[in-house]
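To start, the structure under review is shown below, and the notes come after it.
The values are calculated or read from the model by the stated rules, or taken from the named source; none is laboratory data. Quantities reported herein were computed from a predicted structural model and do not represent experimental measurements. We place every Cβ from the backbone using ideal geometry, glycine too, and count neighbours over all the protein chains shown. For accessibility, only protein heavy atoms count, side chains too; no ligands or nucleic acids. Shrake-Rupley method; radii C 1.70, N 1.55, O 1.52, S 1.80 Å.
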Amino acid sequence: MNVLLDNLSLYAEGLLGTVELTVYASLLALALGFLMAAFRVAPVRSLRAFGTAWVTVLRNTPLTLLFFAVVLGLPRFGLVLPFKLFAILALGCYTSAFICEAVRSGINTVPTGQGEAARSLGMTFPQTLGIVVLPQAFRSVIPPIGSTLIALAKNSAIAGAFSVVELLGVYKPLNELGYSIIWTFFWIAVGYLIVTLSISAIFNVLEKHYGVAR
Amino acid sequence: MAGEALIELRGVNKHYGKLHVLQDIDLTVDRGEVVVVIGPSGSGKSTLCRAINRLETIESGTIELDGRPLPEEGRALAQLRAEVGMVFQSFNLFAHRTVLDNIMLAPVKVRKKRKDEAARRARELLDRVGLVSQADKYPAQLSGGQQQRVAIARALAMDPKALLFDEPTSALDPEMINEVLEVMRQLAREGMTMVVVTHEMGFARSAANRVVFMADGRIVEDRTPEEFFTAPRSERAKDFLSKILKH
C-alpha cells in the first residue's frame, strides 16, 4: 500500500505518459483507419491496393518489431524525432490497420442499395461514403473500435522499453528501491484499469447515443 | 412526340461470367417518351435499366444521354447521374434520415441549393405524392408504397431529364401497387421521359408509348403497347404473355 502513497508522483507521471500515448495514438489510428477504410472501398484501383497493402503489412508485423523499425529505421532516413513521437507513430499506424478493418466490416453491413441510391442522385464517392454510408456504418463499428483502442492502451506498454515514460516502466525504479514487486504491479494494473475502463465508458455512451437513430 | 433522342444505346454488350446478359442492345428513348421494358426474369431488363446511369458497367457499345456519351467514374459521371433519376425495387431511402432530409439531401449537397429553398421544394414534392404529413418520419415508419412514393419525390427533387424505374412495384403488397402506379401515370401525363422495368401490364397498356420486350439478353420486340399486347410477333413474347395474362 505504501508503495503508491510514497511514490504518488512517479505513478502519476507514468499514468499521464500512458494516457498521452493512448490519446494521441488513438487519434492518429482513428484518422488513418477511417482513411484506409475509405481507400479500401474506393472506386480507384490504386487506392484500394494501397489500403490493402497498409493493412496487410501493419496488421501482420509484431508491434515490438514495428517499434524497432520506427525508432531505428526512420532516423536512417534523416527523420529524427523524440522517442515519444516515434512511439505514437508506431502505435497509431499499427492500430489503424485494425480500425480500418472494423470500419470496413461496418461499411459492409450497410445495404448496397444505400450507396447506389446516393450515387444515382449524383453524389460523388466521398459524399456517398461520408453522408450516407459511414453514418449508418458508424453504429456497428463502435464496439469493435472500443476494443481496439483498449488493446492500444495496453500495447502502449511496449513504448516503455524504448525509454518513453509510461505506466509499466514505473516498476523499474521502484524495484531498485526495494518495494514489493507484487504491490508495485498491483497499482500499475489499477492504473491500466483506469485508462481502459474510461475508454469502455466513453464507448458505452457513444453506443447508447448513436444506437437510437433509425 | 418531339422525336429527339434523349437516351441512346448502341451495340451494348455485357457478361456476368459466362452469362451474356446484354447482347447487342440498341435502344433509343425520345424526350417525353415512356418506354416500358418487360420480359421474363433473368432477361437482362434490370441490367439494361441500371446500365443507363452506369450502376452497371458495360463491356462494349455506347450509351449517350442527351447527346453526350456516358463518362467513366468520377465527377463527370456524378454530374450526369444527377440528371437521371432512379427509382429502385427496394426503395433504398436513406435509413438514417427523415423523409424530408431524404428528398433535400441531394439538392443541397449536389446542386448546392440553399437549405430553406430545398426544404420548400421537398414539401411541394411530398404534397404531390400525397405524403406531406409524413415529412418528419423515418423511412422505416412508412409502408412500402409510401416509401416508394418518397423515393420518386427524391428523384424528382433533382429535376431530372429522365427517370429510370427498376421494378418499382415488385416489392410492394398488392394494395399498395396502385398508389405508386398512379404517381407514375401522372408523371407520364406531364411529359416526363421514363424507362420503366415492370411486370405491371396494366401500366404498360395505359401509360407506355412503347413496349420493349426482352428475353435472354436481347430486345425481341419494340412496339406500341396496342400492337404488342394484341398481336405479339415473336413466339417468345406470345409464350410470355400467355403465361402472365391467363390467371
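All but one of (1) surrounded by 21 or more Cβ atoms within 10 Å (Cβ to Cβ); (2) at pLDDT below 95; (3) not in a loop (DSSP other than H, G, I, E, B) hold for B:Ser43; state the number of the condition that does not hold.
If we test B:Ser43 against (1) surrounded by 21 or more Cβ atoms within 10 Å (Cβ to Cβ); (2) at pLDDT below 95; (3) not in a loop (DSSP other than H, G, I, E, B), just (3) comes out false.
Pick out the one residue from A:Ser96, A:Ser147 that is within 19 Å of the chain's Cα centre (by Cα), of a type in the set (Gly, Ala, Ser) and open to solvent by 60 Å² or more (accessible area, probe 1.4 Å). Give the derivation first.
Numbers: A:Ser96 fails: open to solvent by 60 Å² or more (accessible area, probe 1.4 Å).
The match here is A:Ser147.
Out of everything in segment A:174-213 that is within 14 Å of another protein chain (Cβ to nearest Cβ) and surrounded by 13 or more Cβ atoms within 10 Å (Cβ to Cβ), what residue ends up being farthest from B:Pro139 (Cα to Cα)?
A:Tyr210
I need every pair where a residue in segment A:42-71 that is within 14 Å of another protein chain (Cβ to nearest Cβ) has its Cβ under 7 Å from the Cβ of a residue that is among the charged types (D, E, K, R) and in a loop (DSSP other than H, G, I, E, B), sequence separation at least 6 or different chains.
A:Pro43/B:Glu73
Filter segment B:164-193 down to the residues that are open to solvent by 20 Å² or more (accessible area, probe 1.4 Å) and either in contact with a Gly (Cβ under 7 Å, 6 or more places away or on another chain) or aromatic (Phe, Trp, Tyr) (or both), then identify the one that is farthest from B:Ala153 (Cα to Cα).
Once the filter is applied, the top-ranked residue is B:Asp173.
As an exercise: evaluate B:Glu124 against (1) under 29 Å from B:Glu56 (Cβ atoms); (2) open to solvent by 10 Å² or more (accessible area, probe 1.4 Å) and give the number of the one condition it does not meet.
Exception for B:Glu124: condition (1).
Tell me the helices (runs of 4 or more DSSP H) entirely within segment A:1-66 that contain at least 1 residues that are within 12 Å of the chain's Cα centre (by Cα). Break it down into steps so the answer makes sense when it comes.
Numbers: elements: A:2-6, A:8-40, A:45-59.
Correct list: A:8-40.
Out of (1) open to solvent by 20 Å² or more (accessible area, probe 1.4 Å); (2) at the interface with chain A (Cβ under 10 Å from one of its Cβ atoms); (3) within 21 Å of the chain's Cα centre (by Cα); (4) not aliphatic (A, V, I, L, M), what's the single condition that is false for B:Pro71?
For B:Pro71, the failing item is (2).
I want to confirm something. Restricting to segment A:120-129 and keeping residues that are among the hydroxyl-bearing types (Ser, Thr, Tyr) and open to solvent by less than 20 Å² (accessible area, probe 1.4 Å), which single residue is farthest from the other protein chains (Cβ to nearest Cβ)? Give the steps one after another, and end with the answer.
Just the residues of segment A:120-129 that are among the hydroxyl-bearing types (Ser, Thr, Tyr), to begin with: A:120, A:124, A:128.
After this cut, where a residue has to be open to solvent by less than 20 Å² (accessible area, probe 1.4 Å) as well, the list is A:120, A:128.
Values: A:Ser120: 4, A:Thr128: 9 Å.
So the residue we want is A:Thr128.
Being crowded, with 20+ Cβ neighbours inside 10 Å, assigned to a loop (DSSP other than H, G, I, E, B) and either more than 7 Å from every other protein chain (Cβ to nearest Cβ) or of a type in the set (Val, Ile, Thr) (or both) is the filter here, so list the residues in segment B:74-92 that pass it.
B:Phe91
So which of B:Asn102, B:Asn92 is on the phi > 0 side of the Ramachandran plot and not β-branched (Val, Ile, Thr)?
Testing whether each residue is on the phi > 0 side of the Ramachandran plot and not β-branched (Val, Ile, Thr) leaves just B:Asn92.
Please list, ordered by first then second residue, the pairs with beta carbon atoms under 6 Å, 6 or more apart or interchain, first in segment B:151-168 and within 12 Å of chain A (Cβ to nearest Cβ), second open to solvent by 10 Å² or more (accessible area, probe 1.4 Å) and hydroxyl-bearing (Ser, Thr, Tyr).
Partner pairs satisfying both residue conditions: B:Asp166/B:Ser46.
Any chance segment A:96-119 includes a residue that's in contact with a strand residue (DSSP E or B) (Cβ under 6 Å, 6 or more places away or on another chain) and within 14 Å of chain B (Cβ to nearest Cβ)?
no
Being assigned to a helix (DSSP H, G or I), within 14 Å of another protein chain (Cβ to nearest Cβ), at negative phi and among the hydrophobic types (A, V, I, L, M, F, W, C) is the requirement here; does A:Val132 meet it? Steps first, answer last, please.
Details: assigned to a helix (DSSP H, G or I): yes; within 14 Å of another protein chain (Cβ to nearest Cβ): yes; at negative phi: yes; among the hydrophobic types (A, V, I, L, M, F, W, C): yes.
For A:Val132, the condition - assigned to a helix (DSSP H, G or I), within 14 Å of another protein chain (Cβ to nearest Cβ), at negative phi and among the hydrophobic types (A, V, I, L, M, F, W, C) - is met.
Kindly indicate whether A:Tyr210 is in a helix (DSSP H, G or I), in contact (Cβ under 8 Å) with a residue 60 or more places away in the chain and touching a Leu at 6+ places or on another chain (Cβ under 7 Å). Full working, then the answer.
Working: in a helix (DSSP H, G or I): yes; in contact (Cβ under 8 Å) with a residue 60 or more places away in the chain: yes; touching a Leu at 6+ places or on another chain (Cβ under 7 Å): no.
Against the criterion (in a helix (DSSP H, G or I), in contact (Cβ under 8 Å) with a residue 60 or more places away in the chain and touching a Leu at 6+ places or on another chain (Cβ under 7 Å)), A:Tyr210 does not qualify.
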